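K.L.:
Quick one: the structure is below, and I'll ask about it shortly.
Any read-out appearing in this document is the output of simple, stated calculations on the displayed coordinates, not a laboratory observation. Note that the structure is a prediction, hence the values are computed from the model and not measured. Ideal geometry is used to build each Cβ from the backbone, glycine not excepted, and the neighbour counts take in all protein chains shown.
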């Protein structure tokens, strides 16, 4: 039972230390740096025109996103 108490005390001590660090960061206004965007030119998956993509998650250009098909969820229209 003593060993279990020591393990729990170690975890609690670590958690309290982390909580104090986060509180200090909040008070001082510390913000974690945002990840760098992987901006590169990719082809749109709807119109196949090149555009500046912000990353692997961004595969549809702004002009295609502004169409009614994209906004209503019918983005599977065949491109002519």
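K.L.:
Based on the Cα atoms of segment 33-80, what semi-axes does the equivalent ellipsoid have, where each is the square root of 5 times one gyration tensor eigenvalue, given in whole Å with the largest first?
P.N.:
Values for segment 33-80, descending: 23, 12, 7 Å.
K.L.:
Using the beta-carbon distance between residue 36 and residue 65 and R0 = 30 Å, what value does 1/(1 + (r/R0)^6) give for FRET efficiency, to the nearest 0.05?
P.N.:
0.80
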